[in-house]
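Right, one structure below, let's go through it.
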Amino acid sequence: MNNNPNEEIEIILKILSYQIESNKSINFQEIDKILHLLSNRTRRRMLVELAQEEGFVNDLVKRLNDHPQSIIRHLDVLKKQNLVIGKERQGEGPGRPRLYYTLFPGVAKFIQKSETKNSRENQSHICSSFPLLNTIKQQLNKRISHTEQRKIVSEVESIKKEHEMALEVCNEILATMKKKVTKIQVD
């Protein structure tokens, strides 16, 4: 992590905005609670890192240069506030599945929606599965076992199918709405 204070300030403002927008009746105690939660630099840095790419505990330990117990404790706090979510899946190589952490989908969508970068490479996507896809894309440059390749193909096919179904529903809604829209004639 490049320790950019602007990234931390942005994440604080975005998280606070998200909490206010998602809870219109938020009170001062809840705002104080959120600000207290974000007053911890490790948690802010963790949110910045997870906004860029998902990670498991040991990965976050390396990225944040912190102790595993500290990372676990902060992840628990962030999970309780519905800011991060953990999903268990197989990591690289043999062994038991790992718990990968990413931003809570609502938080990720809000943060990504508020991004204004124009380049495709740096542009955030609203899709909640994007952090997983980004991680998989980065793994493609590494040596991957046949078993891991099959798992990646299965995961990507599953995501693709889910998005194809969503696209079909969007097309149905658009078709229905186009039939209902009346055209106004201009004289």
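The values are calculated or read from the model by the stated rules, or taken from the named source; none is laboratory data. Given the structure is predicted, the values throughout are model-derived calculations rather than measurements. Here the Cβ positions follow ideal geometry from the backbone for every residue, glycine too, while neighbour counts run over all protein chains shown.
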For a quick check of your reading: which helices (runs of 4 or more DSSP H) sit entirely within the range 1-105 and have at least 2 residues that are in contact with a strand residue (DSSP E or B) (Cβ under 9 Å, 6 or more places away or on another chain)?
41-52, 57-64, 68-80
At pLDDT below 85 and of a type in the set (Val, Ile, Thr): is that true of Ile71 in this structure?
no
Tally, over the range 152-165, of residues that are within 22 Å of Thr102 (Cα to Cα) and either in a loop (DSSP other than H, G, I, E, B) or without any contact (Cβ under 8 Å) to a residue 24 or more places away in the chain (or both)
8
Pairs, please: C-beta under 8 Å, at least 6 apart or cross-chain, first residue within 30 Å of Asn65 (Cβ to Cβ) and in the range 1-30, second part of a loop (DSSP other than H, G, I, E, B)?
Lys14/Ser114; Ile15/Leu83; Ser17/Ser114; Gln19/Ile26
Those residues of the range 124-151 which are among the polar types (S, T, N, Q), assigned to a loop (DSSP other than H, G, I, E, B) and modelled with pLDDT of 75 or more, in sequence order
Ser145
Spot the failing condition for Lys87; the list is (1) at pLDDT below 85; (2) in contact with a Phe, Trp or Tyr (Cβ under 8 Å, 6 or more places away or on another chain), and only one is missed.
(1)
